[in-house]
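Participant: Below is a structure I'd like to ask you about.
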Amino acid sequence: MNNQPKKQHHVPKCYLQQFADNNGNVYYWKHKQEKSTIKQINISGICYIKDQFTIHDDYIKKINENDAYIVEKKAFEEVENKYPKIIQNIIAYQTTPKALTEDDMHIFLEMIISLKRRSPIMKKQVSEIYTRRMEEELKHNFSQFIFQNLPKEVIEMYGNEIEDEIRNKIKDESYTKDIANAALLNYRLEDINNHFYQYKKFILYASAESDEFITSNDPVIFITNKGLTKDTALGEKNWEIVYPISKKYLFLLSNNYIEENINARTTMYPLKIDTEIVNYINACIKECSDEIIAYSESALIHLK
């Protein structure tokens, strides 16, 4: 048990490493905290919450191999192990379109989905949605359910107690957190992944030597006609995903660009961008986050 994962990152170290120096250090700023200062820190010490993916409820644990740490081990392991090599493959070119293998593209897109789903903000939203839905079910369907499934004498003696027990359960934050964690085990989200495949994929790279992209504790952001959002915006008519993948490269996916050629759906197209666009993107990343991260201190000072 001593080797079980406890320091559980919602932004994995394999991603943060793309913004770190050779010692694994980055510059880090909790910019929304009063009197917070920029500091240099190792990536092992940021973007994690102790035991945030650990399952505590006995029943949820039982139906998931009796392993409290199954989410950390199984939901993220394959993607995180393969991701660094794929990123190096992507950024190894600048002037010509790059076609990834189908499996590599799948892993890359899966990382984007995973980062959004495992963020504390998104997990809280999932828990809240579950609670609301269960309360609605309890309100409208509880009587029908118990009459269909329990003997009359049991209902007469314990009906109110059963309802109170269920009501207390769905209001238990620890329980709904475990529900949200267990949902992460459905990590092969083919419908979303296939949805992404139909759009052209662009790699933006900073042209000036002094320019660099920053990242954050919630690195996948959406831009819609309504502006920036931390939430997913796939239901909107027009949206773009902005995802920094290293200090010099950023991934852009827009539903305004359809890839008509099925054989080219694993291709990424390089676009060289200037300082003004880099600064705009970094400002967007800052606006959508509580903590920002960069390879150099100057990139964060520029945003003060």
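The values are calculated or read from the model by the stated rules, or taken from the named source; none is laboratory data. Quick caveat: nothing in here was measured; it's all calculated off a predicted structure. Please note: Cβ atoms are built from the backbone with ideal geometry, for glycine as well, and neighbour counts cover all protein chains shown. These area figures cover heavy atoms from the full protein model, side chains too; ligands, DNA and RNA do not enter into them. Shrake-Rupley method; radii C 1.70, N 1.55, O 1.52, S 1.80 Å.
Participant: Within the stretch 67-81, is even one residue open to solvent by 40 Å² or more (accessible area, probe 1.4 Å), free of Cβ contacts under 8 Å to residues at least 40 places away in the same chain and part of a loop (DSSP other than H, G, I, E, B)?
Facilitator: no
Participant: What residue, among those in the stretch 198-210 that are in contact with an Asp or Glu (Cβ under 8 Å, 6 or more places away or on another chain) and either outside any strand (DSSP E or B) or exposed (fewer than 14 other Cβ atoms within 10 Å of the Cβ) (or both), is modelled with the lowest pLDDT?
Facilitator: Per the criteria, the residue is 207.
Participant: Right, another one. Determine whether residue 59 is assigned to a strand (DSSP E or B), closer than 28 Å to residue 127 by Cβ and either among the small types (Gly, Ala, Ser) or more than 16 Å from the chain's Cα centre (by Cα) (or both).
Facilitator: No, not satisfied.
Participant: Restricting the search to the stretch 46-65, which residues are touching a strand residue (DSSP E or B) at 6+ places or on another chain (Cβ under 8 Å) and under 19 Å from residue 173 (Cβ atoms)?
Facilitator: At the first step, the residues of the stretch 46-65 found to be touching a strand residue (DSSP E or B) at 6+ places or on another chain (Cβ under 8 Å) are 46-54.
Scanning the stretch 46-65 gives 49, 50, 51, 52, 53, 54.
Residue by residue, here is whether (1) of a type in the set (S, T, N, Q); (2) in contact with a Phe, Trp or Tyr (Cβ under 9 Å, 6 or more places away or on another chain); (3) within 22 Å of residue 181 (Cα to Cα) holds:
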{"position": "41", "(1), (2), (3)": "no, yes, no"}
{"position": "52", "(1), (2), (3)": "yes, no, yes"}
{"position": "61", "(1), (2), (3)": "no, no, yes"}
{"position": "85", "(1), (2), (3)": "no, no, no"}
{"position": "91", "(1), (2), (3)": "no, yes, no"}
{"position": "109", "(1), (2), (3)": "no, yes, yes"}
{"position": "118", "(1), (2), (3)": "no, yes, yes"}
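Participant: If you don't mind, another one. If you take the residues in the stretch 114-148 that are under 39 Å from the mean Cα position of the chain (by Cα), assigned to a helix (DSSP H, G or I) and of a type in the set (S, T, N, Q), which one is modelled with the highest pLDDT?
Facilitator: So the first thing to find is which residues in the stretch 114-148 are under 39 Å from the mean Cα position of the chain (by Cα), and the list is 114-146.
Now narrow it down to the ones that are assigned to a helix (DSSP H, G or I): 114-117, 120-146.
Okay, now just the ones that are also of a type in the set (S, T, N, Q), so 114, 125, 127, 131, 141, 143-144.
Numbers: 114: 87, 125: 80, 127: 79, 131: 80, 141: 69, 143: 69, 144: 70.
My answer is 114.
Participant: Within the set of pairs 6 or more residues apart or between chains, which connect a residue that is under 14 Å from residue 48 (Cα atoms) inside the stretch 115-135 to a residue that is at pLDDT below 80 with Cβ atoms less than 7 Å apart?
Facilitator: Cβ pairs passing all conditions: 121/230.
Participant: Shifting gears a bit: Test residue 160 against the stated conditions and say whether it is open to solvent by 30 Å² or more (accessible area, probe 1.4 Å) and modelled with pLDDT under 85.
Facilitator: Judged against the criteria, residue 160 is a match.
Participant: Name the strands (runs of 3 or more DSSP E) wholly inside the stretch 232-304 in which the number of residues that are over 16 Å from the mean Cα position of the chain (by Cα), among the basic types (Lys, Arg) and under 19 Å from residue 203 (Cβ atoms) is 1 or more.
Facilitator: On the way: elements: 239-244, 249-258, 267-273, 292-294.
In the stretch 232-304, the matching strands (runs of 3 or more DSSP E) lie at 267-273.
Participant: Taking the stated definitions as given, is residue 253 open to solvent by 70 Å² or more (accessible area, probe 1.4 Å) and in contact with a strand residue (DSSP E or B) (Cβ under 8 Å, 6 or more places away or on another chain)?
Facilitator: no
Participant: So which pairs qualify, if the first residue must be in the stretch 85-100 and closer than 13 Å to residue 205 by Cα and in contact (Cβ under 8 Å) with a residue 12 or more places away in the chain, the second must be of a type in the set (A, V, I, L, M) and part of a loop (DSSP other than H, G, I, E, B), the Cβ gap must be under 8 Å, and the two must be at least 6 apart or on different chains?
Facilitator: The qualifying pairs are 90/100; 90/245; 91/245.
Participant: Also, quick follow-up: Of 107, 41, 87, 91, which residue is open to solvent by less than 10 Å² (accessible area, probe 1.4 Å), closer than 24 Å to residue 216 by Cβ and in contact with a strand residue (DSSP E or B) (Cβ under 9 Å, 6 or more places away or on another chain)?
Facilitator: 87
Participant: Filter the stretch 273-304 for residues that are of a type in the set (Ser, Thr, Tyr) and closer than 22 Å to residue 20 by Cβ; which is least open to solvent (accessible area, probe 1.4 Å)?
Facilitator: 289
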